[in-house]
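Beneath this line is the structure, given in C-alpha cells, with notes to follow.
Read the figures in this text as sums done on the coordinates, not as results from a lab. The model shown is predicted, which means the values in this text are computed figures rather than measured ones. Cβ atoms come from the backbone with ideal geometry, glycine included; neighbour counts cover every protein chain shown.
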Amino acid sequence: LINSKLISWVHSKCNPKAQKGLFPKILVSDLKQIPVYPASDVEQTQIVKNVQLVIAAKKKDPNADTSALERQIDDMVYALYNLTPEEIAIVEGDK
C-alpha cells in the first residue's frame, strides 16, 4: 500500500514536509495517520503476488518495464478504498 499512487498522494496532501520533487523522510507517526482499509485474504494474496512479480522482474533486469503490474496494483488499491473514477483522476493528477 505504501508505494501505491493513492497512499503517496495522501501522504503528500497530509504531510507539509512532502514537497513535490523531493523524497521526504517518512516517519512512523506519518504512517499511523494513513487510513488502512482491511483487505480480504483474496485481495491481499493478489496484491502480494503482483508485488512479488514486480520485485522478481526488477531483480532480473533493473530496467524491466513493470508499469502494467504496477498499474494493476494501483487499481487494486483504488478498489480496496472504493474510489470513484473522479477520485482516481484526482489522485493521478488528471484533475
key: Length released on extending from Ser29 to Asn63, taking residue separation times 0.36 nm less the Cα-Cα span   = 8.9 nm
request  = Tell me the label-point distance for the pair Leu53, Tyr37, using the 7 Å Cα-to-Cβ offset, in nm and rounded to one decimal.
outcome  = 2.2 nm
request  = Report the net charge of residues surrounding Ile7, where surrounding means a beta-carbon distance below 12 angstrom and charges are Lys +1, Arg +1, Asp -1, Glu -1.
outcome  = 0
note = In this structure, the FRET efficiency calculated for Lys13 and Thr45 from their beta-carbon separation, with R0 = 25 Å, to the nearest 0.05, is 0.25
